[in-house]
Amino acid sequence: MSSPPIHILLVEDDDVDAEMVLRACRRRQIDNPFIVARNGVEALEILRGSDGRPRLPRPYLILLDINMPRMNGIEFLQEVRRDEDLKRSIIFVLTTSNNDEDKLAAYNEQVAGYLLKSNAADDFHHIVGLLNSYRSVVEFPPESAG
């Protein structure tokens, strides 16, 4: 029995950065279903299946920017960790913020990793490679885990 595809939710307000991640995935021939949310509020609607949106199927992996409008990445992390249904979500921060306070705040909310992005396409290629390896070898929580 084959395992279900791992959906990837990219929470990113910068269209150029979002496109670079998607391009790097295509170059690595990663064909997982990708959904892009422009901010934390939209991402929560997708995860919860609220405001007329279909719920994101499990298993999924979240790539999260820190600096976004409406609800930033740290606020999003705090909300996800308070939610019984979402608290086990696997979240990687993918951001330009090299601020130690942001790193500490993210790790305090149990992120799987804090990855710095730059404008260089090669960096995105390496980051996507890391994420591809992660999703290939790590067991995700079962559907019944909430």
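Computed from the coordinates by the stated procedures, all read-outs in this text should not be read as laboratory data. Computed from a prediction, not measured in an experiment: that's the story for all the values here. Glycine also receives a Cβ, built like all others from the backbone with ideal geometry; neighbour counts cover every protein chain displayed.
With a ≥ b ≥ c the root eigenvalues of the C-alpha gyration tensor of segment 36-83, is it rounded (a/c under 1.5), prolate (a/b larger than b/c) or oblate?
Numbers: a/c = 1.60, a/b = 1.41, b/c = 1.13.
In terms of gyration-tensor shape, prolate.
First measure r as the distance between the Cβ atoms of Asn99 and Glu75, then evaluate 1/(1 + (r/R0)^6) with R0 = 22 Å and state the FRET efficiency to the nearest 0.05.
0.90
Which order do the peptides 55-65, 77-87 come out in when sorted by mean C-beta neighbours inside 10 angstrom, highest first? Provide the component values of the computation, followed by the final result.
Working: 55-65: 20.5, 77-87: 15.2.
Highest-to-lowest ranking by the protection proxy: 55-65, 77-87.
What relative contact order, as a whole-number percentage, does the chain give when Cα pairs under 8 Å and 6 or more residues apart are counted? Let's see the in-between values first.
Values: 218 pairs, mean separation 35.7, N = 146.
Once divided by the residue count of the chain, the mean separation gives 24 percent.
Just how large is the dipole of the chain about the Cα centre, in debye to the nearest 20, putting +1 at every Lys and Arg Cβ and -1 at every Asp and Glu Cβ?
That gives the chain a dipole magnitude of about 500 debye.
When DSSP assigns beta bridges and you keep just the ones with both residues in segment 7-139, what percent turn out antiparallel, to the nearest 5?
0
Grab the DSSP H runs of the chain that are 4 residues or longer, score each as -39,500 (n - 2.57), total them, divide by all residues and round the 222 nm result to the nearest 500 deg cm²/dmol.
Value at 222 nm, helices only: -12000 deg cm²/dmol.
Answer with one residue from Ser89, Tyr134, Val21: the one whose Cα lies farthest towards the positive end of the charge dipole of the chain, charges on Cβ with Lys, Arg +1 and Asp, Glu -1.
After comparing all options, I get Tyr134.
Under 1.5 on a/c is rounded, so check that first for segment 1-101, then, if it is not, pick prolate when a/b is larger than b/c and oblate when it is not; a ≥ b ≥ c are the square roots of the alpha carbon gyration tensor eigenvalues.
It comes out oblate by the Cα gyration axes.
May I ask you to compute the full-extension gain from Asp14 to Leu86, defined as 0.36 nm times their residue separation minus their alpha-carbon distance, rounded to one decimal in nm?
Working it through step by step, the gained length comes to 23.5 nm.
Need one number: nm distance between label points at Glu45 and Val138, each 7 Å from Cα along Cα→Cβ, rounded to one decimal.
In this crude label model, Glu45 to Val138 measures out at 2.8 nm.
Just subtract the alpha-carbon distance of Arg28 and His126 from 0.36 nm times their residue separation and send over the number in nm, one decimal.
Separation in residues times 0.36 nm, less the Cα-Cα distance, equals 34.3 nm.
How far, in nm, would the chain grow between Ala112 and Arg53 when pulled straight, counting 0.36 nm per residue and subtracting the alpha carbon separation?
Going from the current span to full extension adds 18.6 nm.
For a quick check: with amide H placed at 1.01 Å from N, whose amide H comes under 5 Å from Met68's, ignoring anything fewer than 5 positions away on the same chain?
The list, which skips near neighbours in sequence, is Gly73.
Between rounded, prolate and oblate, where does segment 49-140 land on the alpha carbon gyration tensor, with a ≥ b ≥ c its root eigenvalues, rounded for a/c under 1.5, else prolate if a/b exceeds b/c? Intermediate values should be presented prior to the final figure.
Numbers: a/c = 1.58, a/b = 1.19, b/c = 1.33.
The shape class here is oblate.
Provide the per-residue ³J(HN,Hα) series for segment 14-30, in order, calculated from phi with Karplus coefficients 6.51, -1.76, 1.60 and θ = phi - 60°, each as a whole number of Hz, with x at glycine and proline positions.
9, 4, 5, 5, 4, 5, 5, 5, 4, 5, 4, 5, 5, 4, 7, 6, 8
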